[in-house]
Amino acid sequence: IPLTKIINSCIKESIFPRSLKIASIVPIFKKGDLTELNNYRPISIVPVVAKIYEKVLSNQISAYFEGNNLFSEQQFGFRKKKSTTDAVIAFVNNISRSFENREGNIATFLDLQKAFDCVSHSILLDKLRHYNFGTTSCQLLASYLTDRTQYVTVDGSKSKVLPVIHGVPQGSVLGPLLFLIYVNDLCKYMARVSSITLFADDTCFSVSHKCLATGKRNSLVAEAMASRWCNANRLCLNTGKTVEMIFSLCKPSLWHTQPTTKFLGLNIDSQLTWNAHGDAIAKKINSGTFLIRQLSNKLPKHILRVAYLTLVQPHITYGILVWGHSGISTRIFKLQRRVIRLVAGIGRREKCNGYFVSLNILTLPSLYILECLLYIKRNLISFNTHQSVHNHYTRNRDDICLNPIRLNRTLSGCNYYCIKFFNIIPHHIRTLQYRKFKIVLKTYLISKCFYNIGEFMENDFGDL
């Protein structure tokens, strides 16, 4: 029987077959004490046919939520054209606005303990009905959620098969989407007292303030509201791992707070200097450089290039949109040039400009420029052009409006450099389709091998 016919029949009958609802749980170690069970993430290995069926359901549910704008704009997890970088940019832009307004900001990073495993099936189904899911749709998803079983696999040994009475399976296709629906109303609930950023279960809310004492009171109110929401939705808030940070441009000695915290893989400090994140990147690059040095006398150049692209460049690229303009970029670029010399097989003091070109590798400034331009291209609808603001026919009518910025520290995110870069590239490049836009700009940036942002800004783009 064709698989399509089976899936269509199951959807028509509102059934998710029991044989597809058994999962093998593989515990993946995160960090910390190896003997502590909470330091493992349970990943569900489900039957392949179940994944195909779930994908069909997931596409239909996602299309319904996205098409009707039911997802909160503050939720970035597991959504098309959304990423962790978008979430961090939204958070950093919020802090930057506070700095521009001569305000401080208190951010609270919540830790939801085993959030996926604590989802209440009855509450989830009630929320689906709230979003106007019909009776048959709810019956199908109830069939998916109930009568599930699982067993744990460790080093080839299997545990007993036990029933799953709550939670959505991690590692499944449909589980993450159902979790997004489950926490979707948290954004609206918290919007009354704070700004909030979510990436699945990674949650942060922030409160701006003119007076620290007032900000602390408002932050406590917001935290109490978050706690009440978690209790009502049967999620466990881990207060021991919840972190509060005070963002301010005042001297750190004037207030007591945790100096840095990690949010979605980026080390964020209380003044947005990105120094702590620079230390973390440098450590990872040095590890990759050490491995490439060990291989440099044994492998050809094209294999070393692959090693660089695998071991080093991802650490440089990740989050570069928010830290690429900062002082740490000079330090990281120096480390990048060092590893490129190893790949190229040249001396430590030799110039490596030409080798970036011959190896087809972007310099750090070029990586930053490219990521900025791609971000604007992906989110062009979110920015105002001069043409949309006034009806005057000017040569800059298609340029994006650049809001005035008071502080150098608030050049984070996309408030300045992303728009600056986009406005200076030729109009015929701006209007290209995204894929072509990316290819053309990447090729151009590799050929030019920019060593700093100023070189790009002063370029006439005659050959682009």
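The values are calculated or read from the model by the stated rules, or taken from the named source; none is laboratory data. Every value quoted in this text rests on a predicted model; they were computed, and no experiment measured them. Cβ coordinates were reconstructed from backbone atoms using ideal geometry, including for glycine residues, and neighbour counts include every protein chain displayed.
Residues that are aliphatic (A, V, I, L, M), within 30 Å of residue 136 (Cβ to Cβ) and surrounded by 19 or more Cβ atoms within 10 Å (Cβ to Cβ) within segment 66-98 are absent altogether.
Could you tell me whether segment 247-265 includes any residue that is modelled with pLDDT under 95, outside the structural domain of residue 209 (by TED's automatic domain parsing) and closer than 30 Å to residue 360 by Cα?
Step one: list which residues in segment 247-265 are modelled with pLDDT under 95, which gives 247-265.
Those left that are additionally outside the structural domain of residue 209 (by TED's automatic domain parsing): 247-265.
Keeping just the survivors that are closer than 30 Å to residue 360 by Cα gives 264-265.
The answer is yes; a qualifying residue exists.
Are there strands (runs of 3 or more DSSP E) fully within segment 126-234 with at least 1 residues that are crowded, with 19+ Cβ neighbours inside 10 Å and of a type in the set (Val, Ile, Thr)? List them.
Working: elements: 148-154, 162-164, 195-199, 202-209.
Ranges flagged: 162-164, 195-199, 202-209.
Residues in segment 111-140 that are under 13 Å from residue 167 (Cα atoms) and free of Cβ contacts under 8 Å to residues at least 60 places away in the same chain: 121, 122, 124, 125. Taking each residue of segment 1-13 that is more than 16 Å from residue 60 (Cα to Cα) and looking for partners that are part of a helix (DSSP H, G or I) and modelled with pLDDT of 90 or more with beta-carbon atoms closer than 7 Å, six or more apart or interchain, yields 3/52. Restricted to segment 285-304, and to residues there that are of a type outside the set (A, V, I, L, M) and without any contact (Cβ under 8 Å) to a residue 24 or more places away in the chain, the residue that is surrounded by the most Cβ atoms within 10 Å (Cβ to Cβ) is 290. For segment 341-378, filtered to residues that are of a type in the set (D, E, K, R) and more than 27 Å from the chain's Cα centre (by Cα), the residue that is surrounded by the fewest Cβ atoms within 10 Å (Cβ to Cβ) is 349.
Please verify whether residue 63 is of a type outside the set (Ser, Thr, Tyr) and buried (at least 19 other Cβ atoms within 10 Å of the Cβ), treating the condition exactly as stated.
Values: of a type outside the set (Ser, Thr, Tyr): yes; buried (at least 19 other Cβ atoms within 10 Å of the Cβ): no.
So residue 63 fails the test.
Being without any contact (Cβ under 8 Å) to a residue 24 or more places away in the chain and of a type outside the set (A, V, I, L, M, F, W, C) is the filter here, so list the residues in segment 338-353 that pass it. Correct list: 341, 347, 348, 349, 350, 351.
Any residue in segment 211-225 that is in contact (Cβ under 8 Å) with a residue 60 or more places away in the chain, out of contact with any His (no Cβ under 7 Å at 6 or more places or on another chain), of a type in the set (Lys, Arg) and not assigned by TED's automatic domain parsing to the domain that holds residue 409? Checking segment 211-225: at least one residue is in contact (Cβ under 8 Å) with a residue 60 or more places away in the chain, out of contact with any His (no Cβ under 7 Å at 6 or more places or on another chain), of a type in the set (Lys, Arg) and not assigned by TED's automatic domain parsing to the domain that holds residue 409.
Could you please find all residues in segment 90-120 being assigned to a helix (DSSP H, G or I) and either more than 27 Å from the chain's Cα centre (by Cα) or in the same structural domain as residue 405 (by TED's automatic domain parsing) (or both)? Scanning segment 90-120 gives no hits. When every residue of segment 115-125 is checked against the conditions, none turns out to be closer than 20 Å to residue 197 by Cα, crowded, with 16+ Cβ neighbours inside 10 Å and hydroxyl-bearing (Ser, Thr, Tyr).
Is it the case that some residue within segment 34-54 is part of a loop (DSSP other than H, G, I, E, B), without any contact (Cβ under 8 Å) to a residue 60 or more places away in the chain and under 26 Å from residue 263 (Cβ atoms)? Yes, some residue in segment 34-54 is part of a loop (DSSP other than H, G, I, E, B), without any contact (Cβ under 8 Å) to a residue 60 or more places away in the chain and under 26 Å from residue 263 (Cβ atoms).
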